[in-house]
Amino acid sequence: MTESWQKDGVVVALMQRFQTQRLPRAIELKKKVDKGEPLNDYDLQYLQQVDADSRQIAGILHRYPDLEPIVEKARGLYAEITRKAAENADEAS
């Protein structure tokens, strides 16, 4: 039987970091690219780090299917930011 993710300290810490750090920053980046602004080097490094982190924690989170919708929405958000940032960069050049 799958244990509830709230009892897994690592997952709780990851979810808290997502809620307090990752999601607010992603929302800022989404607003930025939606206004047609390009991402700077710091923004791009941040997105690369988030991608690397998500790959590392995928093995942990797959044990908790109830978190899958959150994970998928977050991945979709980051993918949308990246796609829109690439469009903005193309339009600027």
Where Cα atoms sit under 12 Å apart: lysine pairs in the chain separated by 8 or more or lying on different chains: 4
Probe 1.4 Å, accessible area per residue of the range 1-86, Å²: 68
FRET efficiency for Ala86 and Leu23, using Cβ-Cβ distance with R0 set to 30 Å, rounded to 0.05: 0.90
Sites Asp66 and Ser93 - FRET efficiency at Förster radius 30 Å, r taken between beta-carbons, to 0.05: 0.10
Magnitude of the charge dipole, the chain, Cβ model with Lys/Arg +1 and Asp/Glu -1, debye to 20: 240
Of all accessible heavy-atom area on the chain, the percent that carbon and sulfur account for (1.4 Å): 54
Degrees separating the helix 68-92 axis from the principal Cα axis of the chain, which is the longest one: 10
Cα lying deepest toward the dipole's positive end in the chain, options Val12, Ala85, Val33, charges on Cβ: Val12
Under the Debye formula (equal points on every Cα, no solvent term), log10 I(q)/I(0) of the chain at q = 0.16 Å⁻¹: -0.68
Sum of -39500 (n - 2.57) over DSSP H runs of 4+, divided by residues of the chain (222 nm, nearest 500): -24000 deg cm²/dmol
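The values are calculated or read from the model by the stated rules, or taken from the named source; none is laboratory data. Everything numeric in this text was worked out from a predicted model, so none of it was measured. No Cβ is skipped: glycine too gets one built from the backbone with ideal geometry, and neighbour counts run over all protein chains shown. For accessibility, only protein heavy atoms count, side chains too; no ligands or nucleic acids. Shrake-Rupley method; radii C 1.70, N 1.55, O 1.52, S 1.80 Å.
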